[in-house]
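Written below as structure tokens is the structure these notes are about.
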Amino acid sequence: MADDVSPSAASTEGETNLTAPLLDPSFYADDPFPLYARLRAEAPVARNDTLGLWVVSRHAEVVAVSRDPETFCSSKGIMTFEIGSAYATPPTMMHTDPPDHTRYRTLVQPGFRPTYMRALEPGIRARARALVDRIEPGVPVDVVSELAVPLPLQVISDLLGVPEDEWPRFFRWSEAVIPGATDWPEEERAQLSMEMVTYLLEAAADRRASPRDDIISELGAAEVDGDRLTDAELGMVLVQLLVAGNETTRNMMSGGLLGFAGVPGEWERLAERSDASVNRALPLAVEEMLRWTTPVVAFMRTATREVELGGRTIGADDPVLMLYASANRDESVFGPTADTFDSGRDPNPHVAFGFGAHFCIGAVLARVEGRILLEELLARFGSIEAAGPVVRTASPVIAGVKSAPVVFGAQ
Ligand code: HEM
């Protein structure tokens, strides 16, 4: 009976206290995983009364919510600061539900088809190699500033056909739009976001008029049953690609390399395995970098009706936060080693790219970038070790690493 499991003030006070740190960005600059473990054990579907929010921390419920967009919609916001928002036009395709979402997906997906993404490999390798070449064995290097920041930014710029002299601007734009990524004043962030939208809308109009060999032109020309993206929609998709494809991939790289640095011998073991079976060892390692880091900490949905979830009753209009980072350490799925970085983990059903209809459209690209980075590093270095304190970003959305000094050893 629904009444038996509805939250009461007495039962939810403890859960409100338990989940309170999740609402404080500074919590994420420290180690959030012990709290996630407590949530999974004590209150896997927990009610936070301060925001009227449900927090879902187990793999099973994250998957259940993600696979049911009719009941758990995205159009009322996907981050907690959007609770109560209503959008006349969706700010991103992540903020849409079927049938609108299905339409976007059909029009955008062709630009990300695996064959096209794989064709980018030589360019990505050249970028990665140039960055790896600058690293000296035995000398501490910050993998964030030297590898993880520039590589995805260069790749996404190449993908969008953005010239090198625009890269610093691109970097500032993508930083400005991620909540908590910088301490820049709100006004400056808004100004930068506006600049970014204007630039990409102009680029969209330019490629529609004179197509080139880039994804903007591909998406501008994409047509399904006579339907095309409008200029405004194309601009919106481009903004999303710049933002979604940059910080996320960056933190997969820095977080993943820290995973290796944190487990003595793990890099060497990967090197041995990749010698023996080139095709399988590196993709598996990339999956573990994704699981271990979970670059997108959490996204939100809003219930469209009353529904049971994990023995609790979620009310219509209640927001539900899916903690991907916690689901990816769920012992009931990843076993007793869930908290250990294991680059050979197989199977690895992580949810770092989400699950269901909104599953990350850039997953193939991110995986290719991760694999190529590992290949280029393995070709030169025989070990990786931590070389100083790691500074993390205080963001409830992106599991960011601001600086991560390591030392690569010669082969
Ligand atoms: C390690 C890197 C990445 C991670 C961890 C990641 C994570 C995610 C997650 C969790 C979602 C699901 C959103 C939801 O369910 O609401 C998503 C969707 C999306 N991602 Fe990624 N992403 C990554 C890289 C990229 C790249 C490289 C691009 C593009 C260049 C990209 C573009 C998108 C887009 C457009 C969506 C929306 C898909 C939709 O709404 O149907 N992502 N991503």
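The values are calculated or read from the model by the stated rules, or taken from the named source; none is laboratory data. Owing to the predicted nature of the structure, the values given are computational and were not obtained by experimental measurement. Cβ: placed from backbone, ideal geometry, glycine included. Neighbour counts: every protein chain shown. Note: areas computed on protein heavy atoms with side chains; ligands, DNA, RNA excluded. Shrake-Rupley method; radii C 1.70, N 1.55, O 1.52, S 1.80 Å.
Potential lengthening of the chain between THR89 and ARG305 amounts to 75.5 nm, from the contour at 0.36 nm per residue minus the alpha-carbon distance.
Dipole magnitude for the chain: about 760 debye, using +1 per Lys or Arg Cβ and -1 per Asp or Glu Cβ, origin at the Cα centre. Shown here: segment 270-321, whose C-alpha atoms stretch 53, 19, 14 Å along the first, second and third principal axes, sorted largest to smallest. When the Cα positions of THR304, SER383, MET322 are compared along the charge dipole of the chain, SER383 comes out farthest toward the positive end, with charges on each C-beta of Lys, Arg, Asp and Glu. Report the Cα centroid-to-centroid distance between segment 342-411 and segment 190-262 in angstrom, as an integer. The two parts, judged by their Cα centres, are 22 Å apart. For segment 157-246, a crude dipole built from +1 on the beta carbon of Lys and Arg and -1 on the beta carbon of Asp and Glu, taken about the Cα centre, is about 40 debye to the nearest 20. When the Cα gyration tensor is reduced to axis lengths a ≥ b ≥ c, the ratio a/c is 1.5 or higher for segment 215-330, and with a/b not above b/c it is classed as oblate. Note on the chain: dipole from Cβ charges, positive end direction compared against ALA244, PRO295, THR340; the farthest Cα belongs to THR340. For ARG118, ARG105, ARG40, ARG129, the ranking by accessible surface with the largest value first comes to ARG118, ARG129, ARG105, ARG40, using a 1.4 Å probe.
At a probe radius of 1.4 angstrom, the accessible area of the chain per residue rounds to 42 square angstrom.
In the chain, a dipole from Cβ-located charges (positive for Lys and Arg, negative for Asp and Glu) runs towards its positive end, and of ALA148, LEU51, VAL401 it is ALA148 whose Cα lies farthest in that direction. Mean residue ellipticity, 222 nm, helices only, the chain: the sum of -39500 (n - 2.57) across DSSP H runs of n ≥ 4, divided by residue count and rounded to 500, is -14500 deg cm²/dmol.
For segment 358-411, the equivalent ellipsoid derived from the alpha-carbon gyration tensor has semi-axes of 25, 21, 5 Å in decreasing order. Inter-part distance, segment 88-108 to segment 282-337, computed on C-alpha centroids, equals 22 Å. Cα extents for segment 123-256 along the principal axes, largest to smallest and rounded to whole angstrom: 57, 36, 26. Enclosing the Cα atoms of segment 42-125 in their convex hull gives a volume equal to 165 cubic angstrom per residue.
Among complete DSSP H helices in the chain, those whose alpha-carbon atoms stretch at least 20 Å along the helix's long axis and whose mean Kyte-Doolittle hydropathy reaches 0.0 are 247-262, 278-293, 363-380.
Of the solvent-accessible surface of segment 132-274, computed with a 1.4 Å probe and all protein chains present, 53% belongs to carbon and sulfur. Percent antiparallel among DSSP beta bridges with both residues in the chain, to the nearest 5? Counting only bridges with both partners in the chain, antiparallel ones make up about 90 percent. Taking all C-alpha pairs of segment 274-411, those more than 25 Å from each other amount to 39 percent.
Working from Cα pairs under 8 Å separated by at least six residues, relative contact order for segment 10-117 is 17 percent. Computed on segment 361-411, with alpha-carbon pairs under 8 angstrom and 6+ residues apart, the relative contact order is 36 percent.
When you work out D = kT/(6 pi eta Rh) for segment 1-146 at 4 °C and 1.567 mPa s, using the Kirkwood radius from C-alpha pairs as Rh and the Stokes-Einstein form, the result is 66 µm²/s. Using only the C-alpha atoms, the convex hull of the chain corresponds to 142 Å³ per residue. Once backbone amide H atoms are built at 1.01 Å from N, ASN48 has LEU53, TRP54, VAL55 as its partners under 5 Å, excluding neighbours fewer than 5 places away on the same chain.
Dipole magnitude for segment 275-358: about 140 debye, using +1 per Lys or Arg Cβ and -1 per Asp or Glu Cβ, origin at the Cα centre. Only Cα pairs under 8 Å and 6+ residues apart enter the sum, and on that basis the relative contact order of the chain stands at 27 percent.
For the set MET289, MET236, solvent exposure ranked by accessible area (probe 1.4 Å, protein chains only) runs largest to smallest as MET236, MET289. Using DSSP loop states and a limit of at most 13 other Cβ atoms within 10 Å to flag GluC sites (Glu not before Pro), what is the longest stretch of the chain containing no flagged site? Segment 224-411 is the longest.
Here the accessible area of segment 292-370 is 57 percent carbon and sulfur, with a 1.4 angstrom probe and all protein chains present.
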